[in-house]
1. When only C-alpha pairs under 8 Å and at least 6 residues apart count, what is the relative contact order of region 1-130, in percent?
2. Given the Cα-Cα distance of C298 and R213 and 0.36 nm per residue of separation, how much length would full extension add, in nm?
3. For a bin width of 5 Å, list the pair-distance distribution of region 181-244 built from all Cα-Cα distances, rounded to whole %.
4. According to the Cα gyration tensor, what semi-axes, each the square root of 5 times an eigenvalue, does the equivalent ellipsoid of region 121-164 have, listed from largest to smallest in whole Å?
5. At 1.4 Å probe size, with the rest of the protein present, what percent of the exposed accessible area of region 1-87 is carbon and sulfur atoms?
6. Compute the relative contact order of region 161-307 as a whole-number percentage, counting only Cα pairs closer than 8 Å that sit 6 or more residues apart in sequence.
7. Could you give the length gained on full extension between V165 and H283, defined as 0.36 nm per residue of separation minus the Cα-Cα distance, in nm?
8. Given C-alpha coordinates of region 1-159, what is the ratio Rg to Rh with the Kirkwood estimate of Rh?
Amino acid sequence: MDEILKKYVDSLDMLDIMYEPDVPLSEHTSFRIGGNADVGVYPDSESQLTKAIGLAKKNGIRYMVAGNGSNLLFDDAGYRGAVIFTKKICDISVNGTVISAGAGASLLAVASVAQKSGLSGIEFAYGIPGSCGGAVCMNAGAYGGELADVVKTVSLYDSECDDTVKFENKDMCFSYRKSVVGNGERYTVLSVDLQLEAADVNAIYEKMNEFMRRRVEKQPLNYPSAGSVFKRSAPDVYVGKMIEESGLKGYSVGGAEVSKKHAGFIVNRGGATSHDVCLLIEHIQNTIFKNYGIRLECEIRRIPEKQ
């Protein structure tokens, strides 16, 4: 560990912020792919999270914030710098028809709390394997719903000003799989308030179960993946259908394979590397461009080893 990084972890020690040197990123991502990061940081409060980020910036250390790692593809060589995980910042509370959740709270947990509280609007997120922070960043959605539909306010850390700010829904600049947060270059999600509506507990339960049934039926949940690989280029463009019609269902590079169950997913059949996945993504993009004249954009975030 170099001197700058040692100074950083010494500061984390002084603040009682948990960290782990040489952390295997494959254990922190749904793809189960990636080398080791120089250090993994595990803040257990919003205050610790902002301090971990502020210290990294102050010391000139490359860093990124990660939740459940459900749409991340880390390099086989790992990550030079600090990966700050939000998993411990997972409190969920209910106040009337508003649910407040920490950045690290899972969408599954939030949807479950909403159902038990008789609150509707977040059923679409039941089964999405991401955290609230990541879901806000990319305006996650499914089955006709998206975070932009239910977000009331978002508490953010502004690393440029070293301060926390609260944004209303309109300030978040939500669009298809995008928000003002982007990939966390300036803003980091600390928590989110969701405005829901009172509804029948059993009706919400049935809706959630129907969405989960569809996921189990159509998605390759039995293999590690990072979810849907590509963004839709238009609302009526179905990427999985184009990939399947191009004869790529089941096509593989190393341990990475276009799912035989849903061609919009790439799965890790065992021992897949980041390089395998990247080559497969490139092949799919080239094939779809050749066949349809459409350049597919990745929904998965590819994280390089170095800046």
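The values are calculated or read from the model by the stated rules, or taken from the named source; none is laboratory data. For clarity, every value in this text was computed on a predicted model and none was experimentally measured. Glycine gets a Cβ as well: all are built from the backbone with ideal geometry, and neighbour counts include every protein chain shown. For the accessible areas, the whole protein counts, side chains as well, though only heavy atoms, and no ligand, DNA or RNA atoms are used. Shrake-Rupley method; radii C 1.70, N 1.55, O 1.52, S 1.80 Å.
1. Computed value for region 1-130: 21 percent relative contact order.
2. 28.0 nm
3. Pair shares across the bins are 3, 11, 11, 14, 16, 20, 18, 6, 0.
4. Details: eigenvalues 117, 22, 11 Å².
That gives 24, 11, 7 Å for the three semi-axes.
5. On the way: 1780 of 3660 Å².
Heavy-atom surface of region 1-87 belonging to carbon and sulfur, 1.4 Å probe: 49 percent.
6. Reported relative contact order: 20 percent.
7. Working: separation 118, 0.36 × 118 = 42.48 nm, distance 4.20 nm.
Full extension from V165 to H283 adds 38.3 nm.
8. Across region 1-159, the Cα-based Rg/Rh ratio is 1.01.
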